[in-house]
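The values are calculated or read from the model by the stated rules, or taken from the named source; none is laboratory data. Source: prediction; values computed, not measured. So basically every Cβ, Gly included, is an ideal-geometry build from the backbone, and we count neighbours across all protein chains shown. What goes into the accessible areas is simple: the full protein's heavy atoms, side chains included, and nothing from ligands, DNA or RNA. Shrake-Rupley method; radii C 1.70, N 1.55, O 1.52, S 1.80 Å.
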Amino acid sequence: MSESETKIGVLLVNLGTPRSPGTADVRRYLREFLSDPAVIDTSAATRWLLVNTIIAPFRAPRSAALYRSIWGAGGRPEDSPLLAHGLALRGEVARQLGETHQVELAMRYGEPSIEAALERLAGSELSRIVLVPLFPQYASSSSGSTIARVFQLVKQWPELPGIDAIEDFFVEPGWIGALAAVSEPALESFSPDHVLMSYHGLPERQIRKLDVAGKHCLEREDCCDSVRAPNRRCYRAQCYATSRALAAKLGLSDDDYSVAFQSRLGRAAWIRPYTDETLPRLAARGVKRLAVLCPSFVADCLETLEEIGMRARQQWLDAGGEALRTIPCVNEDERWAIGLAQMVRSRGQA
């Protein structure tokens, strides 16, 4: 194949999903996911004890029940909402990019694995690879871990391809535009009193680790009011930047929306404000109809469908709210595929 006929490889990577909602598969997935030192950043011995003697044995049955509440009826791997949306997105992006690109989907943990996706790419004559961790905001435990794993595996290839990694896209026009386009009709039909933008949380210590000078992140109340050199890779600051950009696109004033963080685990301090503490405060303030967007997720998954769509909704009703609407993620929406394809083209031509 001549140089003009070579393709650009595209590797889309999301976090992961168990093979099935069965307890054994969920336990296997939790062990792989939580054994990553980028996720539980303690000593190896402490992490092993936590994962193998406490979390995996005792959390797996409860987590399996939660997965069953959102899983497709077939119980197959492709009945996982995260995987189903990922496969559909891969197809849409491939359609947008055409024959000049080879698009593969992988999961950082579970299947389809990064190893298998890279093997498929290695079998083609590629000019370069564009790596897209599907996490809009950068975190060492998601984007960072994914990028590190890909480079670790590619180093074993006899000939190294050029790799362009898209570390984040928290205010990229293609992302914000697609997110707004998907959200706007749902918000119009629901007519909420208030909009909550709920992001996946992170332990505070992981935020502070990226603040090399130790003088900015979480040191004052306005530390995330803008993204500048000291906090360029701060996950929390990027979340707030996404919220400001999305609110502007949707025409929301500062009083129309709030930002909070969900999915915390363990007793350590996680970034605030917490979603489960924000809900009763909003209800006490008189908000009755609440719409919840989850702009740290590109695809609906356990955290959006069950944690927000089921548990948060029940908490809202118990707190005196009248209705809670979870706004869908961009999933495989064509406008998102177009925006993502444009990001890939801009990197592939760099």
Provide the packing ranking of 193-206, 121-134, i.e. peptides ordered by the mean count of other C-beta atoms within 10 Å per residue, highest first.
-> 193-206, 121-134
Dimensions in Å of region 36-175 - Rg and Dmax from alpha carbons | 17.3, 49
Counting DSSP beta bridges with both partners in the chain, what percentage is antiparallel, nearest 5?
-> 5
Contour excess over end-to-end distance, with Cα ends at Ala45 and Ser346 and 0.36 nm allotted per residue = 104.1 nm
Between Glu125 and Thr53, 0.36 nm times their residue separation minus their Cα-Cα distance comes to what?
-> 21.4 nm
Looking at Gly22, Pro112, Val93, which one has the Cα that reaches farthest to the positive end of the dipole of the chain (charges on Cβ: Lys, Arg +1; Asp, Glu -1)?
-> Gly22
What is region 1-77's relative contact order, in percent, from Cα pairs under 8 angstrom and six or more apart in sequence?
-> 38
Return the lysines within reach of Lys249: Cα separation strictly under 28 angstrom, same-chain partners fewer than 8 residues apart disregarded; answer none if there are no such residues.
-> Lys288
What size of dipole, in debye to the nearest 20, comes out for region 1-137 about its Cα centre when the only charges are +1 on Lys and Arg C-beta atoms and -1 on Asp and Glu C-beta atoms?
-> 720
Here the Kirkwood hydrodynamic radius of region 198-350, Cα-based and in Å, equals 17.0
Here the Cα Rg-to-2.2 N^0.38 Å ratio for region 1-98 is 1.42
Where nothing but the Cβ of Lys and Arg (+1) and of Asp and Glu (-1) is charged, how large is the charge dipole of the chain around its Cα centre, in debye to the nearest 20?
-> 1040
Name the residue farthest towards the positive end of the dipole of the chain from the options Ser296, Ser243, Ala64, assuming +1 on Cβ of Lys and Arg, -1 on Cβ of Asp and Glu, about the Cα centre.
-> Ala64
Could you give log10 I(q)/I(0) at q = 0.22 Å⁻¹ for region 200-242, computed by the Debye formula over C-alpha point scatterers of equal weight, without solvent?
-> -0.63
Sites matching GluC sites (Glu not before Pro) across region 283-350 that sit in DSSP coil, with at most 12 neighbouring C-beta atoms within 10 Å | Glu322
Determine Rg/Rh for region 265-315; Rg is computed over alpha-carbon atoms and Rh is the Kirkwood hydrodynamic estimate from the same atoms.
-> 0.98
Counting all C-alpha pairs of the chain, share separated by more than 34 Å (%) = 25
Put Phe151, Phe135, Phe58 in order of accessible area, largest first, probe 1.4 Å, and you get Phe58, Phe151, Phe135
Dividing the mean separation of Cα pairs under 8 Å (6+ apart) by the residue count of region 42-155 yields a relative contact order in percent of 11
Within straight cross-link reach of Lys155, meaning Cα distance under 26 Å, which lysines are found once same-chain residues fewer than 8 apart are removed?
-> Lys7
Report, in whole Å, the centroid distance computed from the Cα atoms of region 297-350 and region 225-253.
-> 17
Value of relative contact order over the chain, rounded to a whole percent, pairs C-alpha under 8 Å and six or more apart = 21
